[in-house]
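See structure below.
What follows is calculated from the coordinates using simple rules that are stated; it is not laboratory data. The structure presented is a predicted model; accordingly, all values stated were derived computationally and were not measured. Note: ideal-geometry Cβ built from the backbone for every residue, glycine included; neighbour counts use all protein chains shown.
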Amino acid sequence: GENVEQHPSTLSVQEGDSAVIKCTYSDSASNYFPWYKQELGKRPQLIIDIRSNVGEKKDQRIAVTLNKTAKHFSLHITETQPEDSAVYFCAEGPAGNKLTFGGGTRVLVKP
Amino acid sequence: DSGVTQTPKHLITATGQRVTLRCSPRSGDLSVYWYQQSLDQGLQFLIQYYNGEERAKGNILERFSAQQFPDLHSELNLSSLELGDSALYFCASSVAGAPQETQYFGPGTRLLVL
């Protein structure tokens, strides 16, 4: 069935440190893995995505890695800043022609 | 601003009532998605429409229904409301409705059922 597990549910880091969020999925047919950031009271916004034909993608301070064999992918945020504080959601598709979202990770960057 | 609009922003109603949430997709996008986000919960996919036709269905209750009109705006109808229906309802849109496309989310409608 379709299931995305996301860990940890909360993550507190010191400003400047790195943050890593991991997701595992069950559908071997999945080939698209986006990450969304949701600030408090606001809408989710895509920050980075990766497709199954690559193992890693980087955009400035954020990167995503994908291990299709193990069926897991991770979001890495380096040199964290207070504005990185938000809830981050992973997702995978196209299970049933739709995206399935993880449960979210609340990240708090302490100054 | 994603270009996706949702109305109303807030809605307070009573149990047993019926409400309609409205969404206008980004200009040029043909597909609309509806999600429910309860307090401290993730995004639960409800339903997707593409160019007026239902394309995918998630865990949408029978009390809920949706449609997409010829002008591509969409409405989510929630009936026989229960306290547990209180949540933030997001609409998102994408160009052609493929799962690998970026979904652009609207600002959401916060529903409170008393």
Taking only Cα atoms of the stretch A:40-84, what ratio of Rg to Rh do you get with Rh as the Kirkwood inverse-distance radius?
1.03
Longest segment of chain B lacking trypsin sites (Lys or Arg not before Pro) that sit in a DSSP loop with at most 12 other Cβ atoms within 10 Å
B:19-114
Just how many pairs of Lys in the protein assembly as shown have C-alpha atoms closer than 19 Å, counting pairs that are eight or more places apart or on different chains?
16
Cα-Cα pairs in the protein assembly as shown separated by more than 23 Å, as a whole percent of all pairs, come to 47
Relative contact order for the stretch A:14-79: what percent, with Cα pairs under 8 Å and sequence separation of 6 or more?
39
Percent relative contact order of chain A, based on C-alpha pairs within less than 8 angstrom and at least six residues apart?
37
Efficiency of FRET from Cβ geometry, B:His10 and B:Asp71, R₀ 22 Å, rounded to 0.05:
0.35
Inter-chain Cβ neighbour average for residues A:31-43, partner chain, 10 Å:
3
Describe numerically, in nm with one decimal, the distance between label points set 7 Å from Cα along Cα→Cβ at A:Asn67 and at B:Glu54.
4.0
Mean separation of Cα pairs under 8 Å and 6+ residues apart, divided by the residue count of the stretch B:20-71: what relative contact order is that in percent?
25
Percent of alpha carbon pairs in chain B separated by more than 23 Å?
21
The stretch B:1-68, Cα convex hull volume normalised per residue, Å³
113
